[in-house]
Amino acid sequence: MIFIHLVILAISMILGFVFSYLAIMEEDLLKAVIYSAGQGVMFSIAFYILMAPDVLLAYIAIAIGIYTALLVFVISKTERKEVV
Amino acid sequence: MKRGHIIALGVFIALILLVSLGITFVGKVPMTTDVRPLGLFYLKNSYFGNYAARSPEVVTSILWDYRGLDTLFETGVFFLAIISALALFRIEKKEEKVKEKGEGFTFIVKDTVRIISVLIVAVSAAIALHGHLTPGGGFQGGSALAVVPLLIIVAFSKYALEGRGLTKDTAMIVRSIGLISIIILVLIPLAAGGYLMQNLPVFPSHILGQLTSGSLVFYNLFEYIAVGAGFTAVFLLLSIPEKVFHKIIGGEKE
């Protein structure tokens, strides 16, 4: 049973890593925010498997709802494309 | 996706897998199955015993009872963050409403938001008010509650909230009520001859036959109100259109 949990943990962490890599490399900031929210979903699965439901409940509301929305508000006040 | 991205991702994923497999099978990290003495104390004494908080939820009893002052100052940090956001926006005049022409979202989005917001309010209240029984608590419930005004601002507009009386000032008043109630709760045991933030002998562990774990349920309730209203105030400020904001501040010209 614990093996299945560890496999789910590994998959969710790797997917979370992929999402965070995409969020960093993406030049369209709005897409980057959405990738970041995907990373939040994956990390919340990891928190659930690591038996931290208290952290999960705060994280899922902040990382996926509030943080994403704050960044979308901020992007709407600046430009959408990242200029290097 | 570009080819370089795929290569970089592949290398990193392979590294993660190698390191984790290596630690598991070669490094032989000892898997601890027993609880440390301090953790054991909390587990044994959160419900039974002389130092109990009478709460089956160990995390909440640590947050608001054993390490209560930590959480109190954490609430203070959150309070300062909201205050600094308000100071940055420095809006005193009443803003005028801009009517922009447009269709808005379809009725599918609007009706979904109407149904979902009621559900989220109920779930967040359950998270906060059952904080002393199940995982969750005031901050978790409050941040879940703050998603509701956010959804309404996105699906309708900020004027849908302000037309129903939920302006920035109301949110700030509600938040201040929550914070003042927390401070009063902190000071009550002092008046009853105990210590700051003392829980059990001062507050009753059962009210009307229901387990309320002393002051935990009250702390969770007021933190829920304060966090939800604080986030709402910040969202209402952030959703002011940029044109209106420039007009109020009177700074740079378009």
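So here's what we get for this one:
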quantity: Residue list for the stretch B:51-74, restricted to those being part of a helix (DSSP H, G or I), of a type in the set (S, T, Y) and crowded, with 22+ Cβ neighbours inside 10 Å; calculated: B:T60, B:S61
quantity: Flag for B:V35 being aliphatic (A, V, I, L, M) and assigned to a loop (DSSP other than H, G, I, E, B); calculated: yes
quantity: Test result for B:L238, touching a residue at least 12 places away in the same chain (Cβ under 8 Å) and of a type outside the set (S, T, Y); calculated: no
quantity: Subset of the stretch B:195-220 [of a type in the set (S, T, Y), surrounded by fewer than 21 Cβ atoms within 10 Å (Cβ to Cβ) and closer than 16 Å to B:L72 by Cβ]; calculated: B:Y195
quantity: Residues (surrounded by 18 or more Cβ atoms within 10 Å (Cβ to Cβ), of a type outside the set (A, V, I, L, M) and in contact (Cβ under 8 Å) with a residue 24 or more places away in the chain) located in the stretch A:40-67; calculated: A:G40, A:F43
quantity: Filtered residues of the stretch B:169-184 (kept if surrounded by fewer than 18 Cβ atoms within 10 Å (Cβ to Cβ), of a type in the set (A, V, I, L, M, F, W, C) and closer than 28 Å to B:N50 by Cα); calculated: B:I183, B:I184
quantity: Residues of the stretch B:138-176 that turn out to be more than 8 Å from chain A (Cβ to nearest Cβ), assigned to a helix (DSSP H, G or I) and of a type in the set (F, W, Y), as a count; calculated: 1
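Coordinate-derived values only; no laboratory data. As the structure is a prediction and not an experimental result, all values here were calculated from the model. Glycine also receives a Cβ, built like all others from the backbone with ideal geometry; neighbour counts cover every protein chain displayed.
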